[in-house]
1. No solvent, one uniform scatterer per C-alpha: report log10 I(q)/I(0) for chain A via the Debye equation at q = 0.09, 0.11, 0.16 1/Å, two decimals.
2. Partner chain Cβ atoms within 10 Å, averaged over the residues of B:52-61 - can you pull that number for me?
3. With both bridge residues required to lie in the protein assembly as shown, what share of the DSSP beta bridges run antiparallel, to the nearest 5%?
4. Could you grab the relative contact order for region B:89-199? Cα pairs under 8 Å, six or more apart, rounded to a whole percent.
5. Would you give the gap between the C-alpha center of region A:116-183 and the C-alpha center of region B:146-213, rounded to a whole Å?
6. Output the relative contact order of chain B, whole-number percent, from Cα pairs under 8 angstrom with separation of 6+ residues.
7. What ranking, highest mean first, results for peptides B:86-97, B:172-183 when packing means the other Cβ atoms within 10 Å averaged over each residue?
8. What does the highest-first list of B:116-123, B:55-62 look like by mean Cβ count within 10 Å?
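Since every read-out is calculated from the coordinates, none of them should be taken as a lab result. Computed from a prediction, not measured in an experiment: that's the story for all the values here. Counting neighbours? That spans all protein chains shown, and the Cβs are built from the backbone with ideal geometry, glycine included.
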2 protein chains.
Amino acid sequence: MLLYDYFRSSAAFRVRIALALKGLEVERRFVHLLRNGGEQKQRDYLAKNPQGLVPALQLDGGVVLTQSLAIIDYLETIRPEPRLIPADPVLAAQARAAALVIACDVHPLGNLRVGAYLEKKLGQSEGDVLVWRRHWMRLGFEALEKLIRPAPFCFGREPTIADVCLAPQVFNAERFGVDLAPFANIRAAAAACADHPAFRAAHPSAQPDAAGS
Amino acid sequence: MLLYDYFRSSAAFRVRIALALKGLEVERRFVHLLRNGGEQKQRDYLAKNPQGLVPALQLDGGVVLTQSLAIIDYLETIRPEPRLIPADPVLAAQARAAALVIACDVHPLGNLRVGAYLEKKLGQSEGDVLVWRRHWMRLGFEALEKLIRPAPFCFGREPTIADVCLAPQVFNAERFGVDLAPFANIRAAAAACADHPAFRAAHPSAQPDAAGS
């Protein structure tokens with residue numbers, strides 16, 4: 001399998017965590033979102049992923065899978081252990097919901113192309129965009145804080161899909177200066193992730209394409 | 001089970017479609033997003049769903065599930081037939097990805113609270129917000145058009161999670177005046193959905209809380 005990756009993309013970070021947790025090795029190709037006018041917008045990449053977003057996972061047969069959460073569900077099917085979706089249906093729904101709070105209601109509002117629209121088309125300043133990003137992160141975290149119950153991971157002693165989404169979002173929150181002090185549960189789960197070798201191996205700072213960026 | 005519902009919420013519409021496809025009956029309570037300052041922001045509802053979004057599904061034991069896609073995966077577990085997630089892992093990943101293009105990268109950018117932020121905090125006009133909504137829908141549809149292969153539903157002869165997300169988004173697109181002419185695949189799949197009794201039963205115009213709204 002071949003992962004189209006970018007060190008700072010939090011959706012790609014999720015997939016790297018899932019791969020590392022499951023002990024799956026993949027080849028990687030790096031798509032730099034800021035260089036060359038955005039490599040994700042180049043024709044070759046758009047032929048792989050018409051959304052022009054990372055990550056994308058090319059299977060050995062050539063099929064390309066997109067959308068980090070769909071890729072993670074695929075990995076869960078081909079390599080069921082360790083489970084990222086709990087076996088209990090209610091717990092599974094709760095872990096998925098926590099993941100989706102981030103993947104639907106926080107992350108897309110803060111991504112590059114949305115920031116670019118706010119600045120270029122709506123004439124907002126860089127500062128306004130920062131306030132916007134922090135706003136949606138804080139709002140998402142306020143809900144998430146009540147939805148998870150760290151022990152020490154979001155839903156128990158092992159990481160689930162919720163932690164796979166949480167750690168990259170916490171990385172973003174720190175990068176954009178969101179104060180995590182009010183979020184004890186989130187900090188506890190994020191600390192458990194930060195101590196876990198799979199999360200460390202997947203961290204943006206540990207990626208080859210981070211060098212010189 | 002008890003569904004917290006609002007006729008025009010496209011996330012609630014998804015869950016109604018899934019329930020109808022699976023022949024599951026639920027009680028319903030209506031949460032009007034525009035009346036009484038937004039009933040989703042009232043303390044009673046926030047105790048059910050700290051995000052203050054619809055839908056939410058309360059199980060008979062009292063546990064409340066949130067996030068439409070997590071709820072649909074739960075329904076898939078408790079009532080596996082008819083399948084909304086294809087059995088083939090690659091097809092499953094493709095159907096999930098199409099659903100997530102809508103659920104992550106289109107729908108959240110166009111929802112009420114984002115429109116309110118753009119108007120109230122960023123001083124954008126109603127017209128600017130309309131252009132913004134159309135922009136993200138069009139961008140999502142351009143990718144989706146290439147990701148689905150209607151026959152006649154998005155991924156074959158029966159609806160999947162992709163159709164469950166597509167039909168509500170097409171409803172929104174029509175409501176906000178997005179021209180669907182360039183999107184032949186999307187129109188084909190949406191037409192198949194519009195003909196299907198479960199999608200008709202779940203349609204906003206067929207809901208009791210639509211009356212007088």
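1. -0.34, -0.51, -1.10
2. Mean partner-chain Cβ count within 10 Å for B:52-61: 1.
3. Counting DSSP beta bridges with both partners in the protein assembly as shown, the antiparallel share is about 65 percent.
4. 31 percent
5. Each part reduced to its Cα centre gives a spacing of 31 Å.
6. Relative CO of chain B lands at 24 percent.
7. Working: B:86-97: 20.4, B:172-183: 14.8.
With the highest mean Cβ count within 10 Å placed first, the list reads B:86-97, B:172-183.
8. Highest mean packing first, the order is B:55-62, B:116-123.
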